Amino acid sequence: MGARVAQGIDTMNELLTPTEMAKADGLAIAAGISGIELMERAGAAVAEAAAALAAGRTGPICVVAGLGNNGGDGFVAGRRLREQGRSVRMLLLGERSALKGDAAIAAERWGEPVEAASPDCLAGECLADASVIVDALFGAGLARDVEGAAAALIEAINRGGAPVLAVDLPSGIDGETGAVRGVAVRATRSVTFFRRKPGHVLLPGRLHCGQVSVHNIGIPDSVLGEIAPRAFLNGPGLWGPAFPVPSIEAHKYTRGHCVVLSGPLPRTGAARLSARAALRAGAGLVTLATPPNALLINATASLAVMVQRVDDPDAFGALLDDPRINAVVMGPGAGIGANTRQMALQALRHRRRAVVLDADALTSFEGQPEDLFQSIDSNGSPAILTPHLGEFARLFKNITQSYDRIDKIGFVRAAAAESSAVVVLKGPDTVVAAPDGRAAVADNAPPWLATAGSGDVLAGLAGGLLAQGMNAFEAACAAVWLHGEAGRQAGPGLIAEDLPEVLPSVYRALFPRLGYGL
């Protein structure tokens, strides 16, 4: 394997919480960049985006500002737009005298009258003729529900009909969780600074952001070393260096052997989808471990996938004693109950084997999850759990009941710590978390992935990558991203069988980005 240079990969993977972003600002200021200079640069980026949105439209650009630094960015943007000869109206929610620090300086530099949030404005009348509305009310730092005049103003913005540019994050969206805090702006576009926030990629926040652009305002990347962020946007920039691209001297035995457990005769399709996906992901060999009544159909329906009869948990354990088997996928179509529990515990018996548990394998431990978690912890082998929200709630009841509001990253981090496994909470904003606190959020899943068998394919992709030696967190993240890209390639109307078949085209696009020629 030769040296490679990654091409076309977004390396700005970090997702900064509002607290971490405030620390980044503080570290930049301590390094000699003044706060007002950061605000000037942020406002300039907003002004550029607002001007682009206003192109070809008549009417003033209306900047709706709050009393914090987000409002200060709005004042800078308004001044810059006015200096370009554009008509600008500045609306302030609150008393101008309440502005402090850099925001007060930005308002002074604006140097023109400011309109108050009057009843007419709260009804939306002052926004009716706007060509663009710039939302500079709250940004990512909002930590409370929006009420009163602020809520009325946000509703007026949403009724306005003009394109809306959000400064940092649409007002009303929680920057850490993506939750709507009462009511939230629905933006056409959002301009953020230095790094995205979790609220940009988690739902429902992502649905309010529109197109998101990230601008460098002079904060050095070196501050990330001190901040040590633990949340990331899922993509090749996160796991690409660990991705198992085969070398020219590789053969099937060096690419790993993955076993997928099949369910009984009426439910064999799910396991076959997983097995096919594991093979397409690059595993050198894949075997379907099948009960006797499903042996014939699995044998006749599989070509490159091998088939092995397994009568009971003891026979499954005997199969897995083969030292060449280094990954197991089980759960899709396995059936719920004691037999599946015992099969899962057999899969976790050896330290050298990675295990993916999905679907029925997770639900089979409802009411007694500690048996599963203790087995994973004592084994020490890589384990990935891939629940959807319902399975997650059944397996981690104490976690979902302990939070006041939905916090997907918090949920999955807590579940990973409790289970000693990498946990994948599936959905349109799939979150992956490791026991050490690292978390990644995917934003590339198209809506047509919501179809029967799609999750079975995801489990197989993860198993195939584990078989090739990827670490559990990176394998889970890569599998989720590949799953989303395969959904995009297959397009509307896809069924789960399509996903493994488009993976070669996904790989053909991915490998050059990782620095490998084809």
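Values computed for the structure shown
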| item | result |
| --- | --- |
| Options GLY380, GLY410, GLY367; residue that is on the phi > 0 side of the Ramachandran plot and in contact (Cβ under 8 Å) with a residue 24 or more places away in the chain | GLY380 |
| Condition met for PHE373 (in a helix (DSSP H, G or I), in contact with a Ser or Thr (Cβ under 7 Å, 6 or more places away or on another chain) and surrounded by 17 or more Cβ atoms within 10 Å (Cβ to Cβ)) | yes |
| In the range 413-458, residue surrounded by the most Cβ atoms within 10 Å (Cβ to Cβ) [restricted to those that are aliphatic (A, V, I, L, M) and in a loop (DSSP other than H, G, I, E, B)] | ALA421 |
| From the options GLY427, GLY410, GLY517, GLY455, residue that is over 20 Å from ARG276 (Cα atoms) and touching a His at 6+ places or on another chain (Cβ under 8 Å) | GLY427 |
| Scan of the range 310-322 for residues that are of a type outside the set (A, V, I, L, M, F, W, C) and either surrounded by 15 or more Cβ atoms within 10 Å (Cβ to Cβ) or under 24 Å from ALA475 (Cβ atoms) (or both), ordered by number | PRO313, GLY317, ASP321, ASP322 |
| Matching residues in the range 264-285 - criterion: being farther than 19 Å from PRO504 by Cβ and either polar (S, T, N, Q) or surrounded by fewer than 23 Cβ atoms within 10 Å (Cβ to Cβ) (or both) | PRO264, LEU265, PRO266, ARG267, THR268, GLY269 |
| Residue that is farthest from CYS121 (Cα to Cα), among those in the range 61-85 that are in a loop (DSSP other than H, G, I, E, B) and out of contact with any helix residue (DSSP H, G or I) (no Cβ under 7 Å at 6 or more places or on another chain) | GLY85 |
| Cβ-Cβ under 9 Å pairs, at least 6 apart or on other chains, the range 418-429 side of a type in the set (Asp, Glu), far side crowded, with 24+ Cβ neighbours inside 10 Å and assigned to a strand (DSSP E or B) | ASP429/VAL441 |
| Residues of the range 363-391 satisfying the condition of being modelled with pLDDT of 90 or more and either among the small types (Gly, Ala, Ser) or under 21 Å from GLU176 (Cα atoms) (or both) | SER364, GLY367, SER375, SER378, ALA383, LEU389, GLY390 |
| Per-region count, the range 87-111, residues in contact with a helix residue (DSSP H, G or I) (Cβ under 7 Å, 6 or more places away or on another chain) and either among the aromatic types (Phe, Trp, Tyr) or in a loop (DSSP other than H, G, I, E, B) (or both) | 3 |
| Pairs with Cβ under 9 Å, 6+ apart, first in the range 480-505 and among the hydroxyl-bearing types (Ser, Thr, Tyr), second surrounded by fewer than 19 Cβ atoms within 10 Å (Cβ to Cβ) and in a helix (DSSP H, G or I) | SER505/GLN489 |
| Qualifying positions in the range 29-60 - in a helix (DSSP H, G or I), over 13 Å from ASP102 (Cβ atoms) and either touching a helix residue (DSSP H, G or I) at 6+ places or on another chain (Cβ under 9 Å) or without any contact (Cβ under 8 Å) to a residue 40 or more places away in the chain (or both) | ALA30, ALA44, ALA45, VAL46, ALA47, GLU48, ALA49, ALA50, ALA51, ALA52, ALA54 |
| Residue that is farthest from LEU465 (Cα to Cα), among those in the range 327-369 that are small (Gly, Ala, Ser) and part of a helix (DSSP H, G or I) | ALA338 |
| Residue identified as touching a Ser or Thr at 6+ places or on another chain (Cβ under 9 Å), surrounded by fewer than 22 Cβ atoms within 10 Å (Cβ to Cβ) and either modelled with pLDDT of 95 or more or under 28 Å from ILE33 (Cβ atoms) (or both) among PRO229, PRO246 | PRO229 |
| Residue identified as surrounded by fewer than 20 Cβ atoms within 10 Å (Cβ to Cβ), closer than 21 Å to LEU273 by Cα and in the same structural domain as ARG267 (by TED's automatic domain parsing) among ILE336, ILE325 | ILE336 |
| Failed item, numbered, when MET306 is tested on (1) in contact with a Ser or Thr (Cβ under 6 Å, 6 or more places away or on another chain); (2) surrounded by 22 or more Cβ atoms within 10 Å (Cβ to Cβ); (3) of a type outside the set (Ser, Thr, Tyr) | (2) |
| The lone exception for GLU176 - which of (1) farther than 19 Å from VAL64 by Cα; (2) at pLDDT below 95 it fails | (2) |
| Candidates ARG394, ARG405, filtered to the one that is surrounded by fewer than 24 Cβ atoms within 10 Å (Cβ to Cβ) and not in a helix (DSSP H, G or I) | ARG405 |
| Condition broken by ASP360, with the remaining ones in (1) within 26 Å of ALA496 (Cα to Cα); (2) within 20 Å of the chain's Cα centre (by Cα) satisfied | (2) |
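The values are calculated or read from the model by the stated rules, or taken from the named source; none is laboratory data. As the structure is a computational prediction, the values presented were derived from the model and not from experiment. Neighbour counts are summed over all protein chains in view; Cβ atoms, including those assigned to glycine, are modelled from backbone coordinates with ideal geometry.
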